[in-house]
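**Student:** For reference, the structure I am asking about is given below.
The values are calculated or read from the model by the stated rules, or taken from the named source; none is laboratory data. The structure displayed is predicted, hence computed values, not measured ones. Cβ atoms come from the backbone with ideal geometry, glycine included; neighbour counts cover every protein chain shown. In case anyone asks, the SASA skips ligands and DNA or RNA and just uses the protein heavy atoms, side chains included. Shrake-Rupley method; radii C 1.70, N 1.55, O 1.52, S 1.80 Å.
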Amino acid sequence: MTANNAPAFATIMLLTGIGIPILAALNGGLGGRLGSPMAASMILFGLAFLIATTGALLTGSIGQIRFTSDIPFHFYFGGLFVAFYVIAVTFIAPRFGVGNAIFFVLVGQIASAAVIDHFGLFGAAQFPVDVKRVAGIALMVAGVYLARRTG
């Protein structure tokens, strides 16, 4: 990442973060109205597939879609995690509360991101976890907890 890309990357990721609870609320509501969280998830994935396919066609990258032994098998598991997230949040958020559901998602993301960064897992850039990062992570978790605490 270069310094001139950092603001754009931060903005895109901020917007992505804003979208996650919106996705939970919308898909949870759709699942409730349909009477089936799985049906709502299928609709979400169908629309996402159409959007991703359109993007691949517009960028000329459709020919790069392939399953090959040159790519380690575990790199294809992203779809598993996306499906798990969407189905879980579609089912749980309306029952548990969007904020509560996303609170636990955030805590999981913070912990997982720290481990991935520390060990450079899956080819990610390595950023060792030191005392300052542990303190920052603890403050983030505490802040999310306090923001979600009622009463």
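**Student:** Regarding ILE87, is this residue surrounded by 16 or more Cβ atoms within 10 Å (Cβ to Cβ), within 29 Å of LEU44 (Cβ to Cβ) and either within 13 Å of the chain's Cα centre (by Cα) or not hydrophobic (A, V, I, L, M, F, W, C) (or both)?
**Tutor:** Numbers: surrounded by 16 or more Cβ atoms within 10 Å (Cβ to Cβ): yes; within 29 Å of LEU44 (Cβ to Cβ): yes; either within 13 Å of the chain's Cα centre (by Cα) or not hydrophobic (A, V, I, L, M, F, W, C) (or both): yes.
Yes, satisfied.
Quick grid of which residues meet (1) without any contact (Cβ under 8 Å) to a residue 60 or more places away in the chain; (2) touching a Ser or Thr at 6+ places or on another chain (Cβ under 9 Å); (3) under 27 Å from PRO72 (Cα atoms); (4) surrounded by 12 or more Cβ atoms within 10 Å (Cβ to Cβ):
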{"site": "PHE91", "(1), (2), (3), (4)": "no, yes, no, yes"}
{"site": "VAL98", "(1), (2), (3), (4)": "no, no, no, yes"}
{"site": "PHE104", "(1), (2), (3), (4)": "yes, no, no, yes"}
{"site": "ILE110", "(1), (2), (3), (4)": "yes, no, yes, yes"}
{"site": "PHE127", "(1), (2), (3), (4)": "yes, no, yes, yes"}
{"site": "VAL134", "(1), (2), (3), (4)": "yes, no, no, no"}
{"site": "ILE137", "(1), (2), (3), (4)": "yes, no, no, yes"}
{"site": "LEU146", "(1), (2), (3), (4)": "yes, no, no, no"}
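**Student:** Taking the range 119-151 only, how many residues are assigned to a loop (DSSP other than H, G, I, E, B), over 20 Å from LEU106 (Cα atoms) and of a type in the set (A, V, I, L, M, F, W, C)?
**Tutor:** 1
**Student:** Here's a follow-up. For the range 4-21, give me the residue count where each residue is open to solvent by less than 50 Å² (accessible area, probe 1.4 Å) and of a type in the set (Val, Ile, Thr).
**Tutor:** Residues in the range 4-21 being open to solvent by less than 50 Å² (accessible area, probe 1.4 Å) and of a type in the set (Val, Ile, Thr): 1 in total.
**Student:** Could you please find all residues in the range 22-63 being in contact (Cβ under 8 Å) with a residue 40 or more places away in the chain and either open to solvent by less than 40 Å² (accessible area, probe 1.4 Å) or within 18 Å of the chain's Cα centre (by Cα) (or both)?
**Tutor:** The answer is LEU23, ALA24, ALA25, ASN27, GLY28, GLY29, GLY31, PRO37, ALA40, SER41, LEU44, PHE45.
**Student:** Hey, LEU121 hits all of (1) exposed (fewer than 15 other Cβ atoms within 10 Å of the Cβ); (2) in contact (Cβ under 8 Å) with a residue 24 or more places away in the chain but one; which does it fall short on?
**Tutor:** Evaluating LEU121 over (1) exposed (fewer than 15 other Cβ atoms within 10 Å of the Cβ); (2) in contact (Cβ under 8 Å) with a residue 24 or more places away in the chain leaves (2) as the failure.
**Student:** Only one residue in ILE102, ILE92 is among the hydrophobic types (A, V, I, L, M, F, W, C), at pLDDT below 90 and closer than 22 Å to TYR145 by Cα. Which one?
**Tutor:** Numbers: ILE92 fails: at pLDDT below 90.
Exactly one residue qualifies, and that residue is ILE102.
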